[in-house]
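> There's a structure below that I have some questions on.
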Protein chains: 2
Amino acid sequence: MRLIDEVKGILFDLDGVLWLGDQAIPGVAGVLHRLRARGKKLMFVSNTSSRSKAKCLQVFERMGVDVDPDEVFIASECAARYIAARKPGAVTYVLGSPGLFDEAVLAGLDARTTSTKHPEQAEYVMVGKDNDLTFTRLTCALRALKAGAKFVAVNCDPTVPVADGLEPGAGALAAAMTFMTGREPDVVVGKPGTLLLEMALERCGLTPAECAMVGDTPESDVAAGNALGMHTILVLTGNSDGRTADDDLNIPAVMRPELTLQSVLDLDLAAAN
Amino acid sequence: MRLIDEVKGILFDLDGVLWLGDQAIPGVAGVLHRLRARGKKLMFVSNTSSRSKAKCLQVFERMGVDVDPDEVFIASECAARYIAARKPGAVTYVLGSPGLFDEAVLAGLDARTTSTKHPEQAEYVMVGKDNDLTFTRLTCALRALKAGAKFVAVNCDPTVPVADGLEPGAGALAAAMTFMTGREPDVVVGKPGTLLLEMALERCGLTPAECAMVGDTPESDVAAGNALGMHTILVLTGNSDGRTADDDLNIPAVMRPELTLQSVLDLDLAAAN
């Protein structure tokens, strides 16, 4: 496979690409191992806003894949780091699940829960997937934004597929905040925003053109990769389950992958040829 | 005041026009009484999605204003009646406060709370201001809509002013549902939609041109009245507090009132001349 031969680095989305729910796709560990043996730099970029990086690393461990924490870029952690880089210790209200709150604390932010209708003056509001959502929490975020806090959306996914169906994603809450305040997010960290991928590329010192982005979602993974001028590979295991390569011709060019594969296992088969 | 002399009916918004919070604007009872004595048909049209009609009637009673329940059109009640008129007893999930649930029951709908992530097949989802919001409730509404239920937004107000600040309105949740499902509401009952006003006009048998709409919000009250070809009067007591008549020139024509008054008390003063 010429594309894989040519690139120096490969960025992988996680859910729907390496694993489904908490179940690794059988054979994935071997594929990653062999790509590394061929000298490819691997990185992992996930829109996850409700899971902390530590939880993601646990899944890798259960899969038997040896991963350095520095190779993993989780939107929840990157959002916290983005804020901390601009304003160390910033007062930050977190509309999101405990995993996002944990990342805010780890990044050294003065993190606050959104459990009050009377927020103090804050510098940032982070909006992620919030499994603990209440009316009070939504009101807190609204009032903090209205009082002038900056608006950081961890991602803008409308929904998130879970084992028994769809759940509201970070984007559903970000859309509600935008409708209430008349303000778009000051930054969207996750895909199809490019910040997450740029942080990964910067860390490993490769240019976008030297790397491929492998994902299961044309609207986020492929769009973000294309926007940066990366090579893009769509796999049909997750959000694009049931899709065929022919379908690529019917989607807008910005979401169209350079290559479509059944799964990440095909990276390996091709590499072995 | 020629305009008031000419009209046969007057539709009043409630919050910000007749009362502020739970406090009647002093003198309002007398104004309404004298307008009726002059033969004007009075009706009351409120976007309220979290308060039941019974609660609104209690406020009128405390104000000392004698009002027939048939003269009051509350978006929560009208949304329930709208559904019941199309599908009596329809299975309807209610994403909203208890007042909205009460109206669904009163209209004879098979009302369901959104307290499960596994909704049954439903015909309608009603979305109002939900002071009891949780992640489970939002997920329930998402899944019911995804499974094919019709989407009725009680109103599309982004926020609602309360005593100590802003709270998320019905429109914030409707915007989240639209972002998650890719579907606009099948109907928006409240202003600036015209359904609420049309129901009031139909009940009293007057044409739009024979009536004036009196409200405090250009974007909803005035826009709805103008859309129907009613006379429109803006009062500066509620959402337009601090506004001046000159400001009218700077807003789009669809939201521009025919007449701007300091408060509803000016209707009376003018009528007395």
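The values are calculated or read from the model by the stated rules, or taken from the named source; none is laboratory data. Everything quoted here is computed from the prediction, not taken from an experiment. No Cβ is skipped: glycine too gets one built from the backbone with ideal geometry, and neighbour counts run over all protein chains shown. Heads up: the accessible areas ignore ligands, DNA and RNA and are worked out on the full protein's heavy atoms, side chains in. Shrake-Rupley method; radii C 1.70, N 1.55, O 1.52, S 1.80 Å.
> Which of the residues belonging to region B:145-171 are among the small types (G, A, S) and within 14 Å of the chain's Cα centre (by Cα)? So that I can check it myself, show each step before the final result.
Within region B:145-171, the first condition is being among the small types (G, A, S), and the residues that meet it are B:147-149, B:153, B:163, B:165, B:169-171.
Selection gives B:A153, B:G169, B:A170, B:G171.
> Collect the residues in region A:239-260 that are open to solvent by 20 Å² or more (accessible area, probe 1.4 Å) and outside any helix (DSSP H, G or I), keeping them in residue-number order. It would help to see each step written out before you state the result.
Filtering region A:239-260 for residues open to solvent by 20 Å² or more (accessible area, probe 1.4 Å) gives A:239, A:241-247, A:249-256, A:258-260.
Passing the criteria: A:N239, A:D241, A:G242, A:R243, A:T244, A:I251, A:P252, A:R256, A:E258, A:L259, A:T260.
> Checking A:R203 against (1) open to solvent by 20 Å² or more (accessible area, probe 1.4 Å); (2) touching a Lys or Arg at 6+ places or on another chain (Cβ under 6 Å); (3) of a type outside the set (A, V, I, L, M, F, W, C); (4) under 18 Å from A:C78 (Cβ atoms), only one condition comes out false. Which one?
(2)
> I would also like to ask the following. Checking A:R34 against (1) open to solvent by 60 Å² or more (accessible area, probe 1.4 Å); (2) touching a Cys at 6+ places or on another chain (Cβ under 9 Å), only one condition comes out false. Which one?
(2)
Results for (1) within 14 Å of B:V264 (Cα to Cα); (2) within 19 Å of the chain's Cα centre (by Cα); (3) not aromatic (F, W, Y), shown as yes or no for each residue.
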position: B:E6; (1), (2), (3): no, no, yes
position: B:G9; (1), (2), (3): no, yes, yes
position: B:K41; (1), (2), (3): no, yes, yes
position: B:S46; (1), (2), (3): no, yes, yes
position: B:C78; (1), (2), (3): no, yes, yes
position: B:V94; (1), (2), (3): no, yes, yes
position: B:F101; (1), (2), (3): no, yes, no
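> Separate question: Kindly indicate whether B:A149 is more than 16 Å from B:R51 (Cα to Cα), open to solvent by less than 10 Å² (accessible area, probe 1.4 Å) and in contact (Cβ under 8 Å) with a residue 40 or more places away in the chain. Give the derivation first.
Numbers: more than 16 Å from B:R51 (Cα to Cα): yes; open to solvent by less than 10 Å² (accessible area, probe 1.4 Å): yes; in contact (Cβ under 8 Å) with a residue 40 or more places away in the chain: yes.
Criteria met by B:A149.
> Right, something else. Being part of a strand (DSSP E or B) and among the aliphatic types (A, V, I, L, M) is the filter here, so list the residues in region A:80-112 that pass it.
Answer for region A:80-112, where residues must be part of a strand (DSSP E or B) and among the aliphatic types (A, V, I, L, M): A:V91, A:V94, A:L95, A:A111.
> Do we have any residue at all in region B:210-224 that's in a loop (DSSP other than H, G, I, E, B), open to solvent by 10 Å² or more (accessible area, probe 1.4 Å), at pLDDT 95 or above and more than 14 Å from chain A (Cβ to nearest Cβ)? Spell out how you get there, then give the answer.
Within region B:210-224, the subset in a loop (DSSP other than H, G, I, E, B) is B:216-217.
Narrowing the set further to residues that are open to solvent by 10 Å² or more (accessible area, probe 1.4 Å) leaves B:217.
With at pLDDT 95 or above added as a condition, the list becomes none.
No: region B:210-224 contains no residue that is in a loop (DSSP other than H, G, I, E, B), open to solvent by 10 Å² or more (accessible area, probe 1.4 Å), at pLDDT 95 or above and more than 14 Å from chain A (Cβ to nearest Cβ).
> Sticking with this structure for a sec: Which condition number does A:T139 fail, the rest of (1) within 9 Å of chain B (Cβ to nearest Cβ); (2) crowded, with 24+ Cβ neighbours inside 10 Å; (3) not in a helix (DSSP H, G or I) being met?
Against the list (1) within 9 Å of chain B (Cβ to nearest Cβ); (2) crowded, with 24+ Cβ neighbours inside 10 Å; (3) not in a helix (DSSP H, G or I), A:T139 comes up short only on (3).
> On to the next question. Here are A:V127, A:V105: which of them is in contact with a strand residue (DSSP E or B) (Cβ under 7 Å, 6 or more places away or on another chain) and away from every other protein chain (no Cβ under 14 Å)? Quick ask: steps written out before the conclusion?
Values: A:V127 fails: away from every other protein chain (no Cβ under 14 Å).
Every option except A:V105 fails the conditions.
> Another question, then. Name the residues in region A:123-136 that are closer than 17 Å to A:E103 by Cβ and open to solvent by less than 40 Å² (accessible area, probe 1.4 Å), would you?
Applying the first criterion (closer than 17 Å to A:E103 by Cβ) to region A:123-136 yields A:123-132.
Scanning region A:123-136 gives A:Y124, A:V125, A:M126, A:V127, A:G128, A:K129, A:D130.
> Filter region A:1-35 down to the residues that are of a type in the set (D, E, K, R) and modelled with pLDDT under 95 and list them by number. Let's see the steps before the verdict.
Step one: filter region A:1-35 for residues of a type in the set (D, E, K, R), giving A:2, A:5-6, A:8, A:13, A:15, A:22, A:34.
A:R2, A:D5, A:E6, A:D15, A:D22, A:R34, listed by residue number.
> Take the residues in region B:161-183 that are among the charged types (D, E, K, R) and open to solvent by 50 Å² or more (accessible area, probe 1.4 Å); name whichever of them is nearest to the other protein chains (Cβ to nearest Cβ). Step through it out loud before you land on a result.
Our first condition is that a residue be among the charged types (D, E, K, R); within region B:161-183, this holds for B:164, B:167, B:183.
Cutting the leftovers down to open to solvent by 50 Å² or more (accessible area, probe 1.4 Å) gives us B:164, B:183.
On the way: B:D164: 7, B:R183: 11 Å.
It comes out as B:D164.
> I would also like to ask the following. For region A:146-174, which residues satisfy the criterion of being under 17 Å from B:A176 (Cα atoms) and of a type in the set (G, A, S)?
Within region A:146-174, A:A153, A:G169, A:A170, A:G171, A:A172, A:A174 qualify.
> Taking the condition within 10 Å of another protein chain (Cβ to nearest Cβ), within 22 Å of B:G238 (Cα to Cα) and of a type outside the set (D, E, K, R), does B:V154 pass? Don't jump to the end; show me each part of the working.
Numbers: within 10 Å of another protein chain (Cβ to nearest Cβ): no; within 22 Å of B:G238 (Cα to Cα): yes; of a type outside the set (D, E, K, R): yes.
Against the criterion (within 10 Å of another protein chain (Cβ to nearest Cβ), within 22 Å of B:G238 (Cα to Cα) and of a type outside the set (D, E, K, R)), B:V154 does not qualify.
> Another question, then. Which of the residues spanning region B:7-49 are out of contact with any strand residue (DSSP E or B) (no Cβ under 7 Å at 6 or more places or on another chain), closer than 15 Å to B:F60 by Cα and part of a helix (DSSP H, G or I)?
Restricting attention to region B:7-49, the residues satisfying the condition of being out of contact with any strand residue (DSSP E or B) (no Cβ under 7 Å at 6 or more places or on another chain) are B:16, B:19-24, B:26-31, B:33-34, B:37-39, B:47, B:49.
Checking the rest, the ones that are also closer than 15 Å to B:F60 by Cα come to B:16, B:19-24, B:26-31, B:33.
B:V28, B:A29, B:G30, B:V31, B:H33, listed by residue number.
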